[in-house]
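Just so it is clear, none of the values below were taken in a lab; they were calculated from the coordinates. In this text, all values refer to a predicted model and were calculated from it rather than measured experimentally. FYI the Cβ positions are ideal-geometry reconstructions off the backbone, even for glycines, and counts take in every protein chain you see.
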Amino acid sequence: MQRRFERKLIRACLPFFLLIACVAPAAQTEPVVQVDSVLTWSHPAPWFGGFSGVEVNADGTRLIAVSDRGRVVQARMVREEGRLVSLELEKNAPLKGPKGKALSGKAHDAESLARDNTGQLYVSFEHNHRVARLDSENGVTTPLPKHQDFAGFEPNAGMETLAAHPDGRLFTTPESGGPASGPFPLYAFDGNSWAITAEIPRRGPFLPVDADFAEDGTLYLLERTITPLGFRSRIRSFDLTAPALGEETLLTSGPGQYDNLEALSTWQDAAGQTRLTLLSDDNFFVMQRNEVVELILAKPGPGD
């Protein structure tokens, strides 16, 4: 339902999107984040698009992404002096169930991707809310145990986030959260079962759409809201061991500044800089694009 609402809103606001495309909005980026590259990733195949989850490898040369139409893709990240300039599609496969049959209908709606400290990939799905191990080479998924709360998540507002902590635990939070004014529950999987370990404060109209952990255990949360003038994105960071979770807002974009950013992966480059690679979900709609945005977290200066 919410996906249809998003598409209807996009079409209704089409004249505003065109205006925004012609007049770029002023950035609302806090000084701790630098925008390093923004590009559009395209491919003629009809299945290409709808990317909602991404993982970048340790040296930023390749990525794996999943789409909400049940596809896993692998691509080479082409860089010039460290800056991302293009992506080259290398492999793709339909997502499949444990017995190797391609997922279909609402069962194939993949929303997030995570890689643990052993290299194992995991994917989350909404509608039929679940998390599964993923073999990126053949697309086979093997479901993990569920928490009892998962069955109560809204049909199209479930586990849009999935992140692997350096200690091996998986974390997820639903897009819908609890009450409209309440926090978002953060679930952790210890290899056997899920449990709520924290609550992410709700700030304004933004909803969680992806998350990832850095090597130091910092959780980066990508959020989104929709306005008549276009999508807005926000990135917050959290320290799960700190009082009040050490919450910090790193970026808040203006309406239409970026497309429908739904996927986030964090990694560290050769210079020791933390980078955030973001992908947008184009909803397979002609007026949207599969946008790739790469950010660099500025290092604190002396005295900061």
Only helices counted: for the chain, with every DSSP H run of 4 or more residues adding -39500 (n - 2.57) and the sum spread over all residues, [θ] at 222 nm is -2000 deg cm²/dmol
Give me a comma-separated list of calculated 3J(HN,Hα) values for segment 251-258, in order, Karplus coefficients 6.51, -1.76, 1.60 applied at θ = phi - 60°, integers in Hz, x for any Gly or Pro. 8, 9, 7, x, x, x, 4, 10
From fewest to most C-beta neighbours within 10 Å, the residues Lys101, Lys96 line up as Lys101, Lys96
With the Cα gyration tensor of segment 225-304 in hand, give its eigenvalues times 5 under a square root as the equivalent ellipsoid semi-axes, listed largest first in whole angstrom. 27, 16, 12
What is the chain's relative contact order, in percent, from Cα pairs under 8 angstrom and six or more apart in sequence? 20 percent
Identify which of the listed values of Cα Rg over 2.2 N^0.38 Å was calculated from the structure shown: (1) 0.93; (2) 1.23; (3) 1.10. (1)
Using the Kirkwood radius over Cα pairs of segment 107-221, the Stokes-Einstein translational diffusion coefficient at 20 °C and 1.002 mPa s, in µm²/s and rounded to a whole number, is 152 µm²/s
